[in-house]
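Asker: Just passing along the structure, written as structure tokens.
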Amino acid sequence: MLIFRGTIVAAYGYVETKLAEIAVRASRLAAYSNMRPKFPYQMNRRRAFLKAVFASGPLAQYSGMANAFLDRFEASSDLRHMKAHAHMELGADPKGWGVTFHDYTGVDGDVCYRRRRVRLAELEHEAWCASRFSRLCQRLYHRLGQIGILPASID
């Protein structure tokens, strides 16, 4: 169970790091330098910045792939948050082994307690999907590196 949770956390950690790097490197290009006066630390702002970057200028040719990727990333925010931050209990019930995640989240300004029971097979599938998504990020990142549009260093 822990290996599947770890796979999910590691996959999305990789994706978040690469999105941050792409945002920093793109902001150093003249075409995008005045789009954002400072680095967008919050993920929703970083995603909006990247959508704007891929909508114009030299990276516009990758807007379809990038927007599909960013939309999928946004859709997975609940999965990422719960697997990374929730308390996890492992146990069996009449249907078999599974994990129960417990966490608190904000809903319309209020704090909401959530509990989600996940079977081993479902957690394994989520880990597999997260790994594939991380691989998609690697392909996007590699493709951007191949064309040489982004500055090579983020020093």
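No lab work stands behind these numbers, since they all come straight from the coordinates. All values derive from a computational prediction rather than experimental measurement. Glycine also receives a Cβ, built like all others from the backbone with ideal geometry; neighbour counts cover every protein chain displayed.
Asker: If I model a spin label at Glu89 and Leu120 as a point 7 Å from the Cα along the Cα→Cβ vector, what separation in nanometres do I get?
Answerer: Result: 2.0 nm between the two label points.
Asker: Moving on. Contact order normalised by length for the chain, with contacts defined as Cα pairs under 8 Å and 6 or more residues apart; what percent is it?
Answerer: Computed over the chain, the figure is 31 percent.
Asker: Also, I was wondering about something else. Can you compute the modelled spin-label distance between Ile3 and Lys18, with each label point 7 Å from Cα toward Cβ, in nm?
Answerer: 2.3
Asker: Which is the longest stretch in the chain that no exposed loop site breaks, taking sites as trypsin sites (Lys or Arg not before Pro) with a DSSP loop state and at most 16 other Cβ atoms within 10 Å?
Answerer: 96-155
Asker: Further question: The range 58-98: percent of C-alpha pairs farther apart than 12 Å?
Answerer: 71
Asker: A further question follows. Loop-only check: which chymotrypsin sites (Phe, Trp or Tyr not before Pro) in the range 1-106 are DSSP coil with at most 13 other Cβ within 10 angstrom?
Answerer: Tyr41
Asker: Still on this structure: Using the scaling law 2.2 N^0.38 Å as the reference, what is the normalised Cα Rg of the chain?
Answerer: Rounded to two decimals, the normalised Rg is 1.20.
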